Amino acid sequence: MKSTVEHIGPTRVKLTVEVPFDELKPDFDRAYKALAKQVRIPGFRPGKAPARILDARLGRGVVLDEVLNQAVPAKYSEAVAASDEVKPIGRPEIEVTELADGDKVSFTAEVDVRPEITLPDLDGLAVSVDDVAIDEDDVTEQLDQLRARFGTLTGVDRPAATDDFVQIDLSASVDGEEIEEATTTGYSYQVGQGGLIDGIDEAIEGLSADESRTFTSKLVAGEYADKDAEVTVKVTAVKERQLPDADDEFAQLASEFDTLDELVADLRERLGRVRRMEQVTQARDKILDAIVDGTEVPLPESVVAAEVESRAHDAVHAFDHDDAKFAEFLETQGKTREEFDAETRTEAEKSVKTRLVLDALADAEEVQVNDQELTERIVYQAQQYGMQPEQFVQRIQEAGQLGAIYSDVRRSKALITAVRAATVTDESGEPVDLSDLLGDEDGAAEPEILEVPGAEDAADEAGATAEAGDTAEAGDTVEGEVVDAGDTPAKA
């Protein structure tokens with residue numbers, strides 16, 4: 001097999017491949033075997049008809065099509081593997097240009113490739129993050145939240161107010177017709193928590209037990225979705241939460257500490273760790289922006305287009321792919337479809353650029369991902385989707401998305417390398433040491449830190465695919481990598 005590479009742009013190449021028929025013998029053998037099982041020829045057992053009989057019965061063209069559909073994508077993959085300058089990140093467009101039966105087959109393949117990227121000097125990066133400030137009000141808030149977990153609800157004879165717990169009966173009607181699925185009794189609700197029905201909190205506040213109020217609200221689901229309904233809420237009981245006293249006895253009840261002072265000190269330390277984690281994520285995000293903004297990257301159009309399509313699909317999917325409903329939603333946001341498309345394009349370009357830059361950084365730093373790191377990410381992501389790790393792994397393997405997660409971990413580690421190399425100071429100008437949270441070069445950083453914004457779309461896609469149980473199509477681009485180039489159909 002002979003192949004040549006022609007660069008037809010900064011992110012696209014054209015491979016020209018010529019394959020002698022001698023190299024196609026295994027492909028012809030497979031093709032004849034497969035075709036023999038598909039036809040019944042008198043005088044031959046199923047699958048045993050010889051090649052010359054199949055040629056005569058089916059026609060030589062049928063046999064050649066069967067061979068090409070299997071051989072050409074495989075030979076394309078061989079040509080890519082043999083070339084040091086071709087790193088595909090998209091689905092190839094393959095065209096058979098010459099078929100000389102018994103002599104050779106020639107084809108071309110155009111595909112987007114990773115562009116050459118010159119990265120900025122990591123040692124020259126410098127960012128500033130917030131100071132670690134522990135406000136005593138924040139500590140008190142943490143203590144009050146802990147006290148609330150051990151609080152008791154007590155009935156009160158007064159109107160309901162924000163944060164009270166109430167028992168309510170609900171009913172709703174549209175155009176005088178009662179909606180059965182919107183009717184409930186004895187429902188427990190905390191005033192002010194939201195998420196139930198628009199306007200419910202305002203309606204409940206000021207009502208005492210056995211008082212009711214009717215208001216208008218737009219329904220969001222069911223047969224009457226997006227229609228205005230008359231909603232009646234009746235309060236049957238009002239309760240307030242009484243918190244235990246903040247003392248040593250409470251500390252012993254709620255924690256492993258003997259005194260309230262020890263408990264408060266622990267809460268303060270935990271808050272300090274949260275603030276330091278915020279410093280890490282600030283530094284990570286600012287350094288990522290600095291690297292991406294300071295790097296020139298020609299963008300592969302097919303990869304950007306796929307990203308745009310994916311984002312638009314996800315947006316409309318939330319409205320059951322009803323473009324009219326989606327347009328109505330955009331109108332409520334004060335936005336046109338043209339503006340949405342423009343924003344989506346901008347976001348897609350930034351996402352693709354971020355992934356390409358981090359891939360280049362990972363290559364430059366020779367970042368490797370070991371089995372433990374991959375396992376930790378899989379377990380972490382499985383938890384995010386509420387799935388058992390074994391089930392999650394099975395789904396992503398079936399979908400061909402395991403490589404996507406691997407690449408995301410590699411990109412995350414590459415960015416952490418940049419954070420280690422950069423100069424980080426706080427607002428006071430003091431150097432900030434984040435090494436204990438970043439881990440050493442052989443250790444893993446905290447899972448939250450490895451969730452790199454703008455670089456993890458593939459992992460999200462893998463997780464969503466695993467959750468839905470879908471399977472990736474052969475040849476689909478996953479985070480810039482072809483799932484299975486060998487399954488790309490030839491175009492005669």
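Odds and ends about this structure:
- ILE204 fulfils the conditions (1) farther than 30 Å from LEU146 by Cβ; (2) in contact (Cβ under 8 Å) with a residue 12 or more places away in the chain except for a single criterion, (1).
- Count of the range 225-246 residues, restricted to those that are surrounded by 16 or more Cβ atoms within 10 Å (Cβ to Cβ), of a type in the set (Lys, Arg) and at pLDDT below 95, is 0.
- Subset of the range 74-92 that is among the charged types (D, E, K, R) and touching a helix residue (DSSP H, G or I) at 6+ places or on another chain (Cβ under 9 Å) - its residue that is nearest to GLU18 (Cα to Cα): LYS75
- Matching option when the condition is over 25 Å from ARG355 (Cβ atoms) and touching a residue at least 60 places away in the same chain (Cβ under 8 Å), among VAL86, VAL63, VAL80, VAL72: VAL72
- Against the criterion of being of a type in the set (Val, Ile, Thr), within 26 Å of the chain's Cα centre (by Cα) and closer than 25 Å to ASP137 by Cβ, VAL303 does not qualify.
- Of the criteria (1) closer than 15 Å to VAL235 by Cβ; (2) under 38 Å from the mean Cα position of the chain (by Cα), which one ASP157 fails: (2)
- Spans of helices (runs of 4 or more DSSP H) in the range 1-112 with at least 3 residues modelled with pLDDT of 85 or more and charged (D, E, K, R): 25-38, 60-82
- Among the residues making up the range 162-184, a single one is closer than 13 Å to ILE200 by Cα, surrounded by 15 or more Cβ atoms within 10 Å (Cβ to Cβ) and out of contact with any Phe, Trp or Tyr (no Cβ under 9 Å at 6 or more places or on another chain): SER171.
- Residue match in the range 364-376 (condition: touching an Asp or Glu at 6+ places or on another chain (Cβ under 9 Å), surrounded by 15 or more Cβ atoms within 10 Å (Cβ to Cβ) and either among the small types (Gly, Ala, Ser) or under 30 Å from VAL86 (Cβ atoms) (or both)): no
- Tally of residues being surrounded by fewer than 18 Cβ atoms within 10 Å (Cβ to Cβ) and of a type in the set (Val, Ile, Thr) across the range 247-280: 2
- Among the numbered conditions (1) modelled with pLDDT of 90 or more; (2) under 21 Å from ALA161 (Cβ atoms); (3) exposed (fewer than 15 other Cβ atoms within 10 Å of the Cβ), the only one that GLY195 does not meet is (1).
- Within the range 89-124, the residues that satisfy the criterion of being acidic (Asp, Glu) and either surrounded by fewer than 16 Cβ atoms within 10 Å (Cβ to Cβ) or out of contact with any Pro (no Cβ under 6 Å at 6 or more places or on another chain) (or both) are GLU93, GLU95, GLU98, ASP101, ASP103, GLU110, GLU116, ASP121, ASP123.
The values are calculated or read from the model by the stated rules, or taken from the named source; none is laboratory data. Source: prediction; values computed, not measured. Heads up, the Cβs are rebuilt from the backbone with ideal geometry, glycines too, and the neighbour counts pull from every protein chain shown.
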